[in-house]
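Each remark here refers to the structure printed beneath this line.
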Amino acid sequence: MKALISAWFLAFTVSLMAGAPAVAQVTEATMTADGQGLSRDEAIQSALVNAASQAFGVRLAAQSVVQNTSVDTSVDSEDHSVLVSALNKNIQRVLNTPQNSPILGYDVNNVFQSGSSWEATITLRYAKFERLGADTSRRSVVVVSNNKKYRSAIIQAVGESLVESRRFDVLNRENDQLFQEEKEFILGDATADAEMARLSQASGADYLIVTSLPSLSVSNNQRETIAMTGEVLVKSAASGTLQLQVIEFASRKIKWSGLQKFGGTYAGATSVGASTLAKLISGASDKLIDRMVSAIYPIQVVKVVNSQTAIINRGEGGVATGETYAVFEAGEVLIDPQSGESLGSMETEVGLGKITQVKPKFAFLKMATGTLSEGTTYIVRKTDKKAPMATGKANTRKKAAANQPKQPDRGNVFLSN
């Protein structure tokens, strides 16, 4: 285990060194803006409102900030902190983030009177939150279940299968207490003010993955006595069906639905334990998620290395070395004349290939039959067809050796003389 952790840490470190420099999630940013008013204070407040509006991409009402400032002045005599508090309240209300106070302070760069009005230039300091990792077009999902008895096991199994597919951002809804504890820590005195920007950043789900067990049967301690010997045989068994429904949150449309049976018989076991049942559910979940991902996101060739080798958009957890796949050339897209929905594209099989190398997010496919060409769209599907054995110099030498006349052994030579 220690060696595995060390290897993972080394790989993680190397990836950081090889890639772009790491960027902190929460940074202090600045925004400079101008403002005008009938008094010095009004000009500064106007400049602050303009800076906050630009920083957060929202429209704030300067009059609202002034009103909040006048209310808070009775409990806080420091005008600087009062203005910051008033701005944060406006930002919280407009962005609907009551736990987030992103504005940290400001500096007055210049303020002067011009005729009957005042003009001010200020620099606002605020906490900026950057999401980890590169931007992706992955859809976010949350796994839910109406089952009461096995709810946690189902949600965990399906969630792990979704994460391994690397096709979705899986949102966690099962550890609210842990998130609440971390939230209270950030709100405490031990953290910097800028850390407040981490709050109110939770994502909503594009899809609900609704899981259930329509059927489940567990038979424990089944006994059978052999009449001849009197020996008592004990076994236990479990079987059931796992169902998944993919529901689009906004429209509540069911986008995909599937069932997967599972089961097992265990000789010598007096009962089927929770861990055994969890493994059965997990295996069914892997098969269901694989079918779902293949239906929504079919495996495709992302790069043709040469006529015999391609890179596909599946990696660890999605494909395995040695597996055989059929490769199809995608042709004309077919449209249903009644619904206008795409029915997929015409496909022509070009050959069979085997997975030769698997990386975290992609894999190499070596063609056993057929050839590939650049600029063509290829779809890849797992198949039970057997790829022909590769022929090479080694096989040629074996055939040549087999065709040569057999040399007599030493005994035969001796006897013939």
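Looking at 326, 320, can you tell me which residue is outside the structural domain of residue 165 (by TED's automatic domain parsing), surrounded by 15 or more Cβ atoms within 10 Å (Cβ to Cβ) and of a type outside the set (D, E, K, R)?
It is 326.
Does at least one position in the stretch 343-358 carry a residue that is assigned to a loop (DSSP other than H, G, I, E, B), assigned by TED's automatic domain parsing to the domain that holds residue 315 and either on the phi > 0 side of the Ramachandran plot or at pLDDT below 55 (or both)?
no
Suppose we filter the stretch 190-243 for residues that are among the hydroxyl-bearing types (Ser, Thr, Tyr), within 22 Å of residue 162 (Cβ to Cβ) and either modelled with pLDDT of 90 or more or touching a helix residue (DSSP H, G or I) at 6+ places or on another chain (Cβ under 8 Å) (or both); how many remain?
4
Among the residues of the stretch 394-414, are any modelled with pLDDT of 55 or more and within 30 Å of residue 297 (Cα to Cα)?
no
Residues 109, 147: which one is loosely packed, with under 14 Cβ neighbours inside 10 Å and either in the same structural domain as residue 290 (by TED's automatic domain parsing) or over 13 Å from the mean Cα position of the chain (by Cα) (or both)?
109
Quick one: is residue 166 modelled with pLDDT under 90, of a type in the set (Lys, Arg), assigned by TED's automatic domain parsing to the domain that holds residue 286 and farther than 30 Å from residue 51 by Cβ?
Yes.
If you scan the stretch 200-209, which residues turn out to be crowded, with 18+ Cβ neighbours inside 10 Å and either β-branched (Val, Ile, Thr) or over 17 Å from the mean Cα position of the chain (by Cα) (or both)?
Within the stretch 200-209, just 209 meets the criteria.
From (1) among the charged types (D, E, K, R); (2) at pLDDT below 90; (3) not in a loop (DSSP other than H, G, I, E, B), pick out the condition that doesn't hold for residue 386.
(3)
Just give me the residues in the stretch 231-249 being of a type in the set (D, E, K, R) and closer than 20 Å to residue 264 by Cα, in sequence order.
Matches in the stretch 231-249: 235 only.
When the residues of the stretch 172-230 are narrowed to those that are hydrophobic (A, V, I, L, M, F, W, C) and either outside the structural domain of residue 258 (by TED's automatic domain parsing) or assigned to a helix (DSSP H, G or I) (or both), which ends up nearest to residue 270 (Cα to Cα)?
Here the residue is 178.
The values are calculated or read from the model by the stated rules, or taken from the named source; none is laboratory data. Everything quoted here is computed from the prediction, not taken from an experiment. Because the Cβ atoms are built from the backbone with ideal geometry, glycine has one as well, and the counts that use them run over all protein chains shown.
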